[in-house]
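Values in this text are rule-based calculations from the coordinates and carry no lab data. Everything numeric here is computed off the predicted structure, so don't read it as measured data. Virtual Cβ from ideal backbone geometry, glycine too; neighbours counted across all protein chains shown.
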Amino acid sequence: MLRMGAMVVALELAAVLVAYGYFGWPILVFGVPVIVLTVIALLVVRASEVPRRMLQEHRASRWDPDAALPGGLMSGFFEVPRRRAQP
């Protein structure tokens with residue numbers, strides 16, 4: 001994620017520099033805000049990755065049979081009772 005974001009910002013900077021060479025300073029009126037908004041969007045996505053990763057780990061452990069606690073509301077409901085040996 002970090003490398004891809006850096007590549008996008010680098011490509012935007014290169015495009016603004018090339019456009020600045022051809023069109024002059026007016027391109028900076030559009031180019032610089034686009035780069036700033038891209039960096040802000042990348043920071044928001046980066047910040048939202050932490051809660052998503054924690055939620056994914058929680059969901060993975062919720063259905064892990066080794067991590068489940070024994071017992072519960074239906075514990076023993078489906079077990080067949082043992083018969084006593086008759087004398």
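What's the FRET efficiency of L28 with M4 using the Cβ-Cβ distance as r and R₀ = 25 Å, to the nearest 0.05?
Approximately 0.50, to the nearest 0.05.
Extension gain A14-V44, at 0.36 nm per residue separation less the Cα-Cα distance, in nm?
Full extension of this stretch gives 8.5 nm more.
Chymotrypsin sites (Phe, Trp or Tyr not before Pro), restricted to region 1-64: which are DSSP loop and have at most 15 other Cβ atoms within 10 Å? Write out the running numbers ahead of the final one.
Values: sites: Y20, Y22, F23, F30, W63; in loops: W63.
Those that pass, being in a loop and sparsely packed, are W63.
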